[in-house]
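Engineer: Take a look at this one; I'll ask things after.
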Amino acid sequence: MTAPAAILKTSHLLGIQGLSVEEISDLLDLADSYVALNRAAEKKSAVLKGRTIINLFFEASTRTQSSFELAGKRLGADVLNMSVRTSSVSKGETLLDTAATLNAMRPDILIVRHYDSGAAELLSHKLDCSVVNAGDGSHEHPTQALLDALTILRRRGGFEGLIVAICGDVLHSRVARSNIHLLSKLGARVRLVAPKTLLPANAERFGVEIFTDMREGLAGADIVMMLRLQLERMAGAFIPSTREYFHFYGLDHEKLALAKPGALVMHPGPMNRGVEIDSAVADDIEVSLIQEQVEMGVAMRMAVLDALARGIASGGRNT
Ligand code: NCD
């Protein structure tokens, strides 16, 4: 049997910034094939048989952690979920010491979410296994952007010229950063829509259009991507009140009507209903892709694990 073709040039997935358009396209193709497997009655493949994956999450997660776990299991790997709350991390063990301990158990892939930007990259230099960034501070969350791209691709058939309005708390959002990089690489026109206090300094450097008026920012948009107001990352007042925020920046049907007819709505979850998005929009299956994003998340994470395992098969551990 011939080995499957390599997809990724490196043995880690740390961010979208380091990926080429070709690597992204190959991941999208592979993930698309896993959507079909996930919809079949028999969902198991053996491409990761014998491999060990560790999920190490220092921040809360529903979708990302469970979909990585399911992805690994569907591909036949052994998956260990480290509970940071009950581990020695709660006794003050450092990130590097925890990771070194796990490394000694010889995992093949470590999936890490951490509140510090750069945490995943730091581990990739210190460990022998492949490292996947499942979100580092407000820096990157590459698999979220990849699953969002898969969702858009399956609905719209491509990215060239598509207007995507990313709305809300851009300042604190790693999802926004990864999506800006990915959508721009694939030829979409990205807009950021947010109050000035929730935009990063010099946001224009990302090569995007900036809007502080949501009505103007939504005009003619094909995709409206809403972001959660990340109150846990806010030290101080970034908005006058959540009520006022909803009035100006919350997505309801009235504001959505300003976008292109047939525009679709996305949200990475978890949602603050009535703060950045009205339930009537979030639950409207004619426009909302939110549940589809979750389904694509499992498929995309299977593709990422498969792609990394191909690298391991050809190169072995870094030791
Ligand atoms: C996002 C995250 O953790 O960055 N959630 C997710 O992975 N689906 C977005 C968020 O927390 O708002």
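Engineer: How many residues, within region 84-106, are under 30 Å from Leu37 (Cβ atoms) and either assigned to a loop (DSSP other than H, G, I, E, B) or open to solvent by 50 Å² or more (accessible area, probe 1.4 Å) (or both)?
Structural biologist: Total meeting the criteria: 2.
Engineer: Those residues that are surrounded by fewer than 20 Cβ atoms within 10 Å (Cβ to Cβ), of a type outside the set (Gly, Ala, Ser) and in contact with a Lys or Arg (Cβ under 8 Å, 6 or more places away or on another chain), I need them from region 36-57; list them, please.
Structural biologist: Leu37, Asn38, Lys43, Lys44, Thr52
Engineer: With the structure loaded, tell me whether Met226 is within 16 Å of the ligand (Cβ to nearest atom) and either open to solvent by 40 Å² or more (accessible area, probe 1.4 Å) or within 15 Å of Ser288 (Cα to Cα) (or both) or whether it fails that test.
Structural biologist: Yes; evaluated as a whole, the condition is true for this residue.
Engineer: May I pose another question? Listed residues Glu232, Glu254, Glu244, Glu204; which is part of a helix (DSSP H, G or I), within 13 Å of the ligand (Cβ to nearest atom), over 30 Å from Val47 (Cβ atoms) and open to solvent by 40 Å² or more (accessible area, probe 1.4 Å)?
Structural biologist: Glu232 is the lone residue from the list that is part of a helix (DSSP H, G or I), within 13 Å of the ligand (Cβ to nearest atom), over 30 Å from Val47 (Cβ atoms) and open to solvent by 40 Å² or more (accessible area, probe 1.4 Å).
Engineer: Taking the residues in region 70-83 that are in contact with a strand residue (DSSP E or B) (Cβ under 7 Å, 6 or more places away or on another chain) and open to solvent by less than 50 Å² (accessible area, probe 1.4 Å) as candidates, determine which candidate is modelled with the lowest pLDDT.
Structural biologist: Met82
Engineer: Further question: So which residues in region 6-56 are small (Gly, Ala, Ser) and under 17 Å from His181 (Cα atoms)?
Structural biologist: Gly15, Gly18, Ser20, Ser25
Engineer: Is there a residue being surrounded by fewer than 15 Cβ atoms within 10 Å (Cβ to Cβ) and either among the aliphatic types (A, V, I, L, M) or touching a Lys or Arg at 6+ places or on another chain (Cβ under 6 Å) (or both) anywhere in region 282-289?
Structural biologist: Looking for residues that are surrounded by fewer than 15 Cβ atoms within 10 Å (Cβ to Cβ) and either among the aliphatic types (A, V, I, L, M) or touching a Lys or Arg at 6+ places or on another chain (Cβ under 6 Å) (or both), one finds at least one in region 282-289, hence yes.
Engineer: Name the residues in region 46-79 that are assigned to a loop (DSSP other than H, G, I, E, B), closer than 17 Å to Gly297 by Cα and away from the ligand (no atom under 16 Å from the Cβ), would you?
Structural biologist: Passing the criteria: only Leu75.
The values are calculated or read from the model by the stated rules, or taken from the named source; none is laboratory data. Predicted model, so just to flag it, every value in this text is computed and none were measured. Note: ideal-geometry Cβ built from the backbone for every residue, glycine included; neighbour counts use all protein chains shown. These accessible areas exclude ligands, DNA and RNA; they are computed on the full protein's heavy atoms, side chains included. Shrake-Rupley method; radii C 1.70, N 1.55, O 1.52, S 1.80 Å.
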